[in-house]
1. Out of the helices (runs of 4 or more DSSP H) lying entirely within the stretch B:1-108, which hold 3 or more residues that are open to solvent by less than 70 Å² (accessible area, probe 1.4 Å) and under 25 Å from B:ALA170 (Cα atoms)?
2. Search the stretch B:153-162 for residues being crowded, with 17+ Cβ neighbours inside 10 Å and in contact with a helix residue (DSSP H, G or I) (Cβ under 7 Å, 6 or more places away or on another chain), and hand back the single one that is farthest from the other protein chains (Cβ to nearest Cβ).
3. Just checking, which of A:GLY33, A:GLY25 is over 24 Å from A:PRO149 (Cβ atoms) and either more than 16 Å from ligand 2 (Cβ to nearest atom) or open to solvent by 40 Å² or more (accessible area, probe 1.4 Å) (or both)?
4. Which condition number in (1) part of a loop (DSSP other than H, G, I, E, B); (2) within 11 Å of ligand 1 (Cβ to nearest atom); (3) not basic (Lys, Arg) is the one that A:GLY55 fails?
5. For the stretch A:93-116: of the residues being within 13 Å of chain B (Cβ to nearest Cβ) and surrounded by 18 or more Cβ atoms within 10 Å (Cβ to Cβ), which is modelled with the lowest pLDDT?
6. For the list (1) buried (at least 16 other Cβ atoms within 10 Å of the Cβ); (2) of a type in the set (S, T, N, Q); (3) over 27 Å from A:LEU125 (Cα atoms); (4) at pLDDT 85 or above, I need the number of the one condition that A:GLN239 fails.
7. Could you tell me which numbered condition B:MET150 fails, if it satisfies all but one of (1) assigned to a helix (DSSP H, G or I); (2) crowded, with 16+ Cβ neighbours inside 10 Å?
8. Please verify whether the stretch B:66-85 includes one or more residues that are modelled with pLDDT of 90 or more, under 25 Å from B:ALA202 (Cα atoms) and of a type in the set (Val, Ile, Thr).
Amino acid sequence: MRLEVDITSKKFESAAGEQHDVIGGVSFALDAGEVGVLVGPSGCGKSTMLRILAGLDHDFQGRVSRPVSARIGFVFQEPRLLPWRSVEENVRIAAPLADEAKLSALFDILELKAHRNHFPGELSLGLARRVALARAFAVEPDFLILDEPLASLDVALAARLRDEIATLVEGRSMITLLVTHDMDDAVRLGDRVILLSPRPARILADLPIRTPRSTRGDAETAAIKADIMRRINGDPTKQAAL
Amino acid sequence: MPRLLSFALFLAVWWIGSLFAGDVKLPSPPAVLTVMIAEARSGDLFFHLGATLARVTLAFTLAMTLGAAIGYLMGRVRLADRLGDPWLILLLNLPALVVIVLAYIWAGLTEVAAIAAIAINKLPTAVVTLREGARALDAALDEMATVFAMPPWSKLRHVVLPQLSPYIAAAARSGLSLVWKIVLVAELLGRPNGVGFEIGVAFQLFDIPLLLAYSLSFAAVVLVIETLLVQPFEARLSRWRPRAA
Ligand SMILES: Nc1ncnc2c1ncn2[C@@H]1O[C@H](COP(=O)(O)OP(=O)(O)O)[C@@H](O)[C@H]1O
Ligand SMILES: [Mg+2]
């Protein structure tokens, strides 16, 4: 199973009728079992690209091939839960085939046990994100898409959730694509880091990380990060802008 | 308690009014109650109330179902909106009386004609309200349903209907009060039974106690249905909303 992406151009038309390029040219491929991380500045077209890859937007130039009947698990940038359904119902509605044992395990890892019967309106952003994650994993996806799952959470919470995501990703072989603008998250979670330019998005670098995820401690992470910075252009001040 | 008080006030005003206007023009509450009991004893009251309620139920269900479907379609499909809009404006502004009379002329003095005429009167407001609801559907949730490959029935039940429910409730509420008003006119003009028919008879005989007995029984039924059926239903729909303090 393999995802092949070759988007040559994607434009949006503004209300005033003028066109602006959002994606300039992006091509890469991901195999099952691989975690690809797209890193790029805010507004460079990452979410737009994910919508194309998930088949939600067909209005682009280029080609995307993903396994025909691939089940998709999508964690959108906003949680996108059904406000009128409980946490548990939200997950079950998206994943009607998931059994109780599977759900229990998921709720356990994501620390949602106490919130099964709450409505989304009663949850903090961190909890709502966890529900969105539970929903995406509950469908046992072949293709998992995560759009900035750690953004706007405080540092401690983000670190915890990052570890939870790492655990879940480790537990299942699938194509995983994660979007972030945080290099630290990218290096801790990814097998490959794809750096994107500001809008219109182009690939600046496509860098594999060879150290297995489980053995990456703080020291290794810092080393890999420094290594990536060096390999891009050796100028850390420029990279800080990413 | 405040409800009881306002009912007592109503009775008091009525009674005092009847003292001033005289028993012929405005019979006192006990006089009307006597007629009401007599009509109930003979079974007539329940027969006519039942006939009217049956018509209301049928016409209301028909108009809500059709109205919801058409409104949803017009809210989602541009072409449908363009095609339907002139008809909608026409129906919205057509007087109820015209629809009823034409229905009786074209379809005869039949039950079908009566129910269709009532439904047609309610239809356009249901369409307009549901069209508004369909236009306001959240595109983000729609994408979510698509990505997770939710089957159509599940999407309708869990994603679409909950968003439409405030609009459905609004259409039902305004529609029901419209139907209550129109059903009596339709019965008066072309049906041999129902509250509207009885009121017509009472009018011709100038039997004011009978007229009031039927009108008030009808009003009581409306009140009971609104408080026991419509209001709890609305409360259930908004169960998930965080309660206001
Ligand atoms: N539906 C749309 N219509 C017009 N412009 C859009 C639309 N969606 C996104 N854009 C624009 O495309 C650019 C990329 O957006 P997005 O993909 O959300 O960026 P990000 O990389 O932060 O996820 C932004 O400049 C945004 O304003
Ligand atoms: Mg984004």
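The values are calculated or read from the model by the stated rules, or taken from the named source; none is laboratory data. This is a predicted model, so every value here is computed, not measured. FYI the Cβ positions are ideal-geometry reconstructions off the backbone, even for glycines, and counts take in every protein chain you see. Note: areas computed on protein heavy atoms with side chains; ligands, DNA, RNA excluded. Shrake-Rupley method; radii C 1.70, N 1.55, O 1.52, S 1.80 Å.
1. B:44-76, B:78-93, B:96-107
2. Per the criteria, the residue is B:LYS155.
3. A:GLY25
4. Here A:GLY55 meets the rest and fails (2).
5. Going through the qualifying residues, I end up with A:ALA98.
6. A:GLN239 satisfies all of (1) buried (at least 16 other Cβ atoms within 10 Å of the Cβ); (2) of a type in the set (S, T, N, Q); (3) over 27 Å from A:LEU125 (Cα atoms); (4) at pLDDT 85 or above except (4).
7. Just one mismatch for B:MET150, condition (1).
8. No, the conditions are met nowhere in the stretch B:66-85.
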